[in-house]
There are 2 protein chains.
Amino acid sequence: MKIGIVGLGLIGGCLGLDLRRAGHWVYGVSRRQVTCASASAMGAVDAAGLDLAALSTMDLVFVCTPITAIEPMVAQLAKVLSPEAIITDVGSVKASIVAPATQLWPRFVGGHPMAGKAEAGIEAAEASVFLGRPYVLTPLPETDADAISQVSQLVQQLGSHLYAATPANHDQAVAWISHLPVMVSASLIQGCLSEPDLTIKTLAQQLASSGFCDTSRVGGGNPELGLMMAQYNQSAILRALLAYRQQLDSCIQAIQLEDWPSLVEMLQQAHEQRPQYIDEPPRRAYSNA
Amino acid sequence: MKIGIVGLGLIGGCLGLDLRRAGHWVYGVSRRQVTCASASAMGAVDAAGLDLAALSTMDLVFVCTPITAIEPMVAQLAKVLSPEAIITDVGSVKASIVAPATQLWPRFVGGHPMAGKAEAGIEAAEASVFLGRPYVLTPLPETDADAISQVSQLVQQLGSHLYAATPANHDQAVAWISHLPVMVSASLIQGCLSEPDLTIKTLAQQLASSGFCDTSRVGGGNPELGLMMAQYNQSAILRALLAYRQQLDSCIQAIQLEDWPSLVEMLQQAHEQRPQYIDEPPRRAYSNA
């Protein structure tokens with residue numbers, strides 16, 4: 001297959017490395033010549049350039065730009081690609097992208113590879129990042145079946161676990177397990193910072209250990225990513241936040257009323273059900289506090 | 001020094017291993033003969049038994065029982081020890097313990113070694129668990145200076161970083177960085193479980209990755225530990241929870257009102273200030289969601 005990748009950042013670079021290994025011919029498009037050169041040098045693309053027109057002969061194009069640029073990019077690609085070409089994207093929210101993009105290009109298939117690294121940029125790209133990770137496709141009822149099938153085959157070549165969901169269900173699911181944790185975790189850091197007694201605040205900073213470290217990690221991440229989640233997944237993230245606040249209020253109330261059976265039941269359920277979300281091996285952890 | 005350890009669980013066992021290596025003679029007391037045998041076999045104690053009377057000649061005793069048992073244990077030890085002996089404990093809350101224990105025994109010094117492992121019990125004990133970790137002492141104004149000095153020396157022999165704090169300041173600091181994260185994290189799991197749409201709930205479980213894993217880890221821990229935190233540190237944990245809820249409400253409001261500058265400011269501050277609490281090397285993490 002001749003595959004185009006628009007946006008040679010971390011995800012675009014990782015896709016290029018894996019797709020070339022799978023035997024595809026990959027052309028990359030970036031806004032910067034230096035990025036094209038890096039991508040070529042590291043073998044993430046067979047060739048690269050600044051001009052979208054070079055994608056006119058591609059069978060399929062991955063749009064790997066930031067979320068804000070996906071829809072405008074599909075509009076530009078629509079002027080360039082042959083009608084049989086497929087467009088897919090890698091944006092982490094789908095409802096706000098898939099409907100307008102499908103209007104612009106009937107053979108558009110929304111996708112979300114749920115993998116990545118803390119680092120950004122083509123320099124951080126490496127092979128096999130998608131191996132064993134979820135990759136969600138979010139076709140609409142009217143999405144071309146052949147286009148879905150072709151993108152699905154590529155996803156399987158990446159070694160990803162393929163899931164299908166409606167855009168709305170995808171967005172609510174990632175609101176729960178990806179976007180809500182960011183807001184919960186950032187609020188935790190903000191709460192600690194709000195301590196007015198400097199002696200206590202400093203002591204807390206000195207004593208913070210693995211429990212605080214893990215719980216605060218995603219909240220201390222890239223602020224622009226957090227903003228994007230909120231802007232592009234506003235209703236789903238609000239729905240999750242409001243349901244979360246109800247749980248938090250129940251917890252607060254149980255402690256206020258010394259309703260220990262309710263608190264234990266809540267903690268017990270969290271303990272028992274967490275493996276439904278993630279099953280990790282036990283590891284050394286701060287437990288005596 | 002002749003040192004007694006009452007309660008041969010994980011912390012008692014770890015202390016025994018390190019104190020013996022530092023040249024002290026260690027006698028362990030447990031309620032179960034099999035635990036005494038294990039502790040002896042693994043070299044965590046020089047000798048061990050069921051009877052507190054054997055501690056009558058000790059210079060210092062570590063009380064390593066669960067929090068609920070600390071005060072009653074100090075009362076029992078007061079009938080056995082010589083008046084010069086020092087008692088210290090390892091409980092993770094201090095205000096509710098230190099004042100009554102000091103009433104019972106003037107040479108009581110409250111302590112909290114902030115180290116541990118996910119596993120419990122003497123079998124999980126190992127050397128050097130306290131090395132490089134915080135160890136907080138929480139003396140009262142009336143606490144004997146010589147007793148503080150002797151416990152401090154032992155803490156330094158463990159290789160721990162020694163901190164001093166009032167019991168109340170200790171409790172508020174650990175409420176922020178240890179107890180609040182448990183409630184925040186358990187509420188996150190409960191929030192996700194509250195999703196009424198089974199398709200979305202199942203998809204969320206399938207897609208959950210490192211971000212959810214880390215943010216939910218301490219909330220999915222031992223329910224009895226969480227209960228103990230709430231019971232013994234009720235006012236400090238409530239103060240932290242209510243301040244946290246204010247931050248959460250600001251976050252929710254910013255998203256509801258599309259007040260993106262406020263949301264970015266909050267996320268930016270969390271990003272910038274988190275290293276004040278914990279500075280970790282970057283690691284591979286799910287970032288594209």
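Couple of notes before you dig in:
- The stretch B:35-98: relative contact order as a whole-number percent, Cα under 8 Å and 6+ apart: 33 percent
- Between the amide H of B:HIS161 and those of B:GLY132, B:ARG133, B:TYR135, distances stay under 5 Å, these residues lying 5 or more places away or on another chain, with hydrogens modeled in the peptide plane.
- Residue list for the stretch A:60-91, given a label point 7 angstrom along the Cα-to-Cβ vector of A:GLN103 and an amide N cut-off under 18 Å: A:68-79
- Where only DSSP H runs of four or more residues are counted, the protein assembly as shown gives -15500 deg cm²/dmol as its mean residue ellipticity at 222 nm, each run worth -39500 (n - 2.57).
- Chains A and B, summed buried accessible surface - 1.4 Å probe, Å², nearest 100: 10700 Å²
- Accessible area expressed per residue, the protein assembly as shown, with surrounding protein chains retained (probe 1.4 Å, Å²): 38 Å²
- Whole-Hz ³J(HN,Hα) from phi, Karplus 6.51 cos²θ - 1.76 cosθ + 1.60, for the stretch B:171-184, glycine and proline x: 5, 5, 5, 6, 4, 5, 9, 10, 7, 4, x, 5, 6, 4
- Placing a label point 7 Å from the Cα of B:PRO100 along the Cα-to-Cβ direction, the distances to the matching points in the other copies come to 6.3 nm, shortest first.
- Rounded to the nearest whole Hz, the Karplus-based 3J(HN,Hα) values (6.51 cos²θ - 1.76 cosθ + 1.60, θ = phi - 60°) of the stretch A:133-143 follow the sequence 9, x, 9, 9, 9, 10, x, 8, x, 8, 5, with x at glycine and proline.
- Given charges at Cβ of Lys, Arg, Asp, Glu: the protein assembly as shown dipole, positive-most of B:HIS179, B:ALA48, A:PRO72: B:ALA48
- Antiparallel DSSP beta bridges within chain A, percent to nearest 5: 10 percent
- Charges were assigned to the Cβ only: +1 to each Lys and Arg, -1 to each Asp and Glu. The resulting dipole of the protein assembly as shown about its Cα centre is roughly 700 debye.
- Chain B holds its axis-closest Cβ, relative to the rotation onto A, at the residue and whole-Å distance B:ASP214, 2.
- DSSP finds beta bridges in the stretch A:85-225, and of those with both partners inside it, around 35 percent are antiparallel.
- Within the straight-line cut-off of under 30 Å between alpha carbons, the lysines reachable from A:LYS79 are A:LYS2, A:LYS94, sequence neighbours fewer than 8 places apart in one chain being disregarded.
- Per-residue 3J(HN,Hα) values for the stretch B:254-268, derived from phi via the Karplus relation 6.51 cos²θ - 1.76 cosθ + 1.60 with θ = phi - 60°, read 4, 6, 4, 7, 6, 8, 5, x, 5, 5, 5, 4, 5, 5, 5 Hz in sequence order (x marks Gly and Pro).
- Highest mobility in the GNM of chain B, judged by mean-square fluctuation with C-alpha springs under 10 Å and restricted to B:VAL151, B:VAL109, B:VAL80, is found for B:VAL80.
- Using C-alpha pairs under 8 Å with a sequence gap of at least 6, the mean separation divided by the residue count of chain A gives a relative contact order of 14 percent.
- Taking the charge dipole of the protein assembly as shown about its Cα centre, with +1 at Lys and Arg Cβ atoms and -1 at Asp and Glu Cβ atoms, the residue from B:LEU193, B:PRO167, A:TYR163 reaching farthest to the positive side is A:TYR163.
- Against chain A, whose longest principal axis comes from its Cα atoms, helix A:198-207 is set at around 60 degrees.
- Virtual spin-label span in nm between A:SER262 and B:GLN153, 7 Å along Cα→Cβ: 5.2 nm
- With every protein chain in place, the stretch A:1-151: carbon and sulfur % of accessible area (1.4 Å): 55 percent
- Most mobile of B:LEU15, B:LEU238, B:LEU137 in a GNM of chain B (Cα contacts under 10 Å): B:LEU238
- At R0 = 51 Å, FRET efficiency that the Cβ-Cβ distance of A:ALA54 and A:SER194 yields, to 0.05: 0.45
- When the solvent-accessible area of the stretch B:180-289 is split by element, carbon and sulfur atoms take up 48 percent of it, the probe being 1.4 Å.
- Across the stretch A:172-289, the relative contact order, built from alpha-carbon pairs under 8 Å that are at least six residues apart, equals 33 percent.
The values are calculated or read from the model by the stated rules, or taken from the named source; none is laboratory data. Here the structure is a predicted model, which is why all the values come from computation and not from measurement. With ideal geometry, Cβ positions are generated from the backbone for all residues, glycine too; neighbour counts draw on all protein chains shown. The protein model used for the area step is the full one, side chains on, heavy atoms only, and it has no ligands, DNA or RNA in it. Shrake-Rupley method; radii C 1.70, N 1.55, O 1.52, S 1.80 Å.
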